[in-house]
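Take a look at the structure below.
The values are calculated or read from the model by the stated rules, or taken from the named source; none is laboratory data. Small disclaimer: the values here were computed from a predicted structure and weren't measured. Reconstructed Cβ throughout: ideal geometry from the backbone, glycine too, with neighbour counts over all protein chains shown.
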Amino acid sequence: MRPAPGEVLHFSEDPTITRFVPHVAATARQPEAYVWAVDHDQAPAYWFPRDCPRAMTWTTPDTTPDDRAWLGPHRVHAIEYGWLRRLQAVTLYAYRFDAAAFRPFGDAAHVATGPVDPLGPPERVGDLLDLHEQSGIELRLLPDLWPFWDDVTHRTLGFSGIRLRNARPAP
């Protein structure tokens, strides 16, 4: 599930949203109100239950041969074993938007500062494990994320962590 050219997506477990109004998220680091969405390349980072902690890594042009060999596939997502059943059971929806209503925000997101209406009804995303497999993204199940996260963040790889505050406590 990825956006078509000229579109961005917002993923949600709520299929009843008809209009998205900018708001300041409880976890926001900035005071401005936004509607958040992602593009084609960032969509896989949201193929998870909303609160699921995940560590993601990928190769970049600056990744060393040793780090490429350590990583294996081009992109890896890691979650804790305790989240697998929720990943398998969640019903996730994608809302499509015209990308023209959004502007890039950082390296990973797009934001709108005014209300936006989806291009149509939300689409059921489907089997999240299948999406990872079909996209060639390895999904790793770990007892806890912290050793993997610590390793990834000290390499020449690209990385992102989402909802890490929900991970098991670091050892």
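Every residue in region 7-53 that is under 17 Å from the mean Cα position of the chain (by Cα), in a loop (DSSP other than H, G, I, E, B) and farther than 19 Å from residue 107 by Cα, please.
13, 14, 48, 49, 50, 51, 52, 53
Looking at residue 141 and the list (1) exposed (fewer than 14 other Cβ atoms within 10 Å of the Cβ); (2) at pLDDT 95 or above; (3) farther than 22 Å from residue 56 by Cβ, which single condition is not satisfied?
(3)
Mind checking which residues of region 129-153 are under 15 Å from the mean Cα position of the chain (by Cα) and among the hydroxyl-bearing types (Ser, Thr, Tyr)?
135
Quick one: is residue 100 surrounded by fewer than 17 Cβ atoms within 10 Å (Cβ to Cβ), hydrophobic (A, V, I, L, M, F, W, C) and out of contact with any strand residue (DSSP E or B) (no Cβ under 9 Å at 6 or more places or on another chain)?
yes
Only one of 157, 142 is in contact (Cβ under 8 Å) with a residue 24 or more places away in the chain, under 19 Å from residue 70 (Cα atoms) and in contact with a Leu (Cβ under 7 Å, 6 or more places away or on another chain). Can you tell me which?
157
Those residues that are under 16 Å from residue 49 (Cα atoms) and touching a residue at least 24 places away in the same chain (Cβ under 8 Å), I need them from region 130-139; list them, please.
In the first step, residues of region 130-139 are kept if they are under 16 Å from residue 49 (Cα atoms); the result is 130-132, 139.
Answer for region 130-139, where residues must be under 16 Å from residue 49 (Cα atoms) and touching a residue at least 24 places away in the same chain (Cβ under 8 Å): 131, 132, 139.
Only one residue in 96, 68, 165, 85 is part of a helix (DSSP H, G or I), touching a Pro at 6+ places or on another chain (Cβ under 9 Å) and either over 28 Å from residue 26 (Cβ atoms) or not polar (S, T, N, Q) (or both). Which one?
Only one candidate qualifies: 165.
Restricting to region 50-67, and then to whatever is in contact (Cβ under 8 Å) with a residue 12 or more places away in the chain and acidic (Asp, Glu), can you tell me which residue is surrounded by the most Cβ atoms within 10 Å (Cβ to Cβ)?
67
Filter region 7-42 down to the residues that are free of Cβ contacts under 8 Å to residues at least 40 places away in the same chain and either touching a strand residue (DSSP E or B) at 6+ places or on another chain (Cβ under 6 Å) or under 15 Å from residue 118 (Cβ atoms) (or both) and list them by number.
16, the sole residue that qualifies.
Residue-wise test of (1) at negative phi; (2) surrounded by 16 or more Cβ atoms within 10 Å (Cβ to Cβ); (3) modelled with pLDDT of 95 or more.
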residue: 5; (1), (2), (3): yes, no, no
residue: 8; (1), (2), (3): yes, yes, yes
residue: 15; (1), (2), (3): yes, no, yes
residue: 24; (1), (2), (3): yes, no, no
residue: 28; (1), (2), (3): yes, no, no
residue: 32; (1), (2), (3): yes, no, no
residue: 35; (1), (2), (3): yes, yes, no
residue: 48; (1), (2), (3): yes, yes, yes
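So residue 125 passes all but one of these: (1) modelled with pLDDT of 95 or more; (2) more than 22 Å from residue 49 (Cα to Cα). Which condition number does it fail?
Status for residue 125: all satisfied but (2).
Which is outside any strand (DSSP E or B) and closer than 25 Å to residue 22 by Cβ, of 114, 136? Don't jump to the end; show me each part of the working.
On the way: 136 fails: closer than 25 Å to residue 22 by Cβ.
Matching residue, one of 114, 136: 114.
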